[in-house]
Amino acid sequence: MTDLTEPWPILPPATNGSFRADDAAGQTIAATVEVEKISADEIALYDRQIRLWGVTAQEKIRTANILLVSIKALANEIAKNLVLAGIGSITLADHEVVTEDDLGAQFFISDADVGKNRAAAAAPNVQKLNPRVKVKVLATDIRNEQDAAFYSAYDIIIATDMDFLSTSALNAGARIARKPFYAGASHGMYGYIFADLIEHNFVIEREKSNRATQVGPESTTRRVMGVQMKRESGKVVELVSKQELYSPMMLVKDSPLPVEIASNARRLKKVHPLLTCVRALWEYQRNGHGMYPMNTEHLEVFTTIAKLKHQELLLPVESLKAEFLRSFLQNLGSELAPVTAFLGGQLAQDVINVLGQREQPIQNLMLFDGEDSVGPVYTLHPIFPGTPVPIIPSVPVNAPIMVV
């Protein structure tokens, strides 16, 4: 049954030989054209989500080509959600083999897969979720891939559970190719999602209020680009076009908190200590100490870094408690299914929103504390109050990637 309350997608201005889409008739014709690109079977299969985010968004999803790097528990959840949503294709990239440690929270593999390539082992069960999706395997090590054309082949690049330098190298490659990039990691009861969408345009649909929406900056990273109106069920609805600017992970590692937090002592006290611990882990890995602290000496190094990163954020000393620091360190290297399920669902949903250019995406670091079931989001950029986010200029697509 068709949902007559579904919002029509925003369409580009008419060109020669096309219908105008700024009235009801034009919208109906334009939407019909989009429907004709999707088979009747697909419409039936994806009916619920088509009614949720529209035919145009589903068309973008069904043609999307996703690169998912490092196929562990978090990547399992991301792959599951994206494949069930009906993306066009997904490439599972992993050069490592399945170990017994992988069997705890990774549901695409079994005991029989131990010793096999992790991506190749997971691929058959990923494919079973949705035969319409092309599932590809890349069993080579791409952490230092320097061919920009490699990244250009994908619409979105996602790296999971990798060390900071490897993740940053992939982020750099995605930026040169002007492709959205996500990173995520799970550390037992804790985890994070990072987004670098470079420059992302999207549309927010909402009922018109008494206060007119102003075109122009909303924050240091976001601006309203334009506003359109439509009538729906007797109400006036706003279609607000916005643009968000992003920063790469290498810069976010040392970036300050937004001025509205940094200048407010009460809000500084409420900043979650997980932010300090995640950035301390990035710094620890960036300095070549290894993936995780494994001995007393390394634990002391990490603790020192954490204290410095806490001061860097201007956070009160008492908000980084020894108990939390100990809990974070004890959770490193473990995978818990409920946590990876939450993070994987959140990241996949954000990818779908970005593909459909609907809703506000993550800006730009989301944390998750499974102990307290909280997921704060922090906007971190290397900027000063009152100045815009610096945009790193793109370079020719054939330019080599500088691996830090």
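Leu343: net charge of surrounding residues, Cβ under 13 Å, Lys/Arg +1, Asp/Glu -1, itself excluded?
Around Leu343, the charge tally is -3.
What whole-number value in Å² describes the accessible area per residue of the range 240-294 for a 1.4 Å probe?
Accessible area per residue, the range 240-294: 39 Å².
What Rg and what Dmax come out for the range 200-245 when only alpha-carbon atoms are used, in angstroms?
11.1, 35
Work out from phi, with θ = phi - 60° and the Karplus expression 6.51 cos²θ - 1.76 cosθ + 1.60, the ³J(HN,Hα) of each residue of the range 119-134, listed in order in whole Hz, and give x for Gly and Pro.
Karplus values, whole Hz, x for Gly and Pro: 5, 5, 5, 7, 3, x, 6, 5, 4, 4, 5, 7, x, 6, 8, 7.
Would you please give the FRET efficiency between Gln214 and Ser373, computed as 1/(1 + (r/R0)^6) with r the Cβ-Cβ distance and R0 = 25 Å, to the nearest 0.05?
Efficiency, rounded to the nearest 0.05: 0.10.
About the Cα centre of the range 200-245, what is the dipole size in debye to 20, counting +1 per Lys and Arg Cβ and -1 per Asp and Glu Cβ, all else neutral? Let's see the in-between values first.
On the way: 9 positive and 6 negative charges, 25 e Å.
Once rounded to the nearest 20, the dipole reads 120 debye.
So, with a 1.4 angstrom probe, what is the percent of accessible area on the range 57-183 that is carbon and sulfur? Write down the numbers at each step before the final one.
Numbers: 2190 of 4490 Å².
Ligands and nucleic acids excluded, carbon and sulfur reach 49 percent.
Can you give the convex hull volume of the alpha carbon atoms of the range 59-217 per residue, in Å³? Write down the numbers at each step before the final one.
On the way: hull volume 24.3 nm³, N = 159.
So the per-residue hull volume is 153 Å³.
For the range 310-317, just list the computed ³J(HN,Hα) in residue order, Karplus coefficients 6.51, -1.76 and 1.60, θ = phi - 60°, integers in Hz, with x standing in for Gly and Pro.
5, 5, 4, 7, 6, 8, x, 4
Roughly how many nanometres apart are two label points built 7 Å out from the Cα toward the Cβ at Ser319 and Gln228?
Placing both labels 7 Å along Cα→Cβ, they lie 4.2 nm apart.
The values are calculated or read from the model by the stated rules, or taken from the named source; none is laboratory data. Here the structure is a predicted model, which means the values were calculated and not measured. With ideal geometry, Cβ positions are generated from the backbone for all residues, glycine too; neighbour counts draw on all protein chains shown. SASA here: full protein model, heavy atoms, side chains in, ligands and nucleic acids out. Shrake-Rupley method; radii C 1.70, N 1.55, O 1.52, S 1.80 Å.
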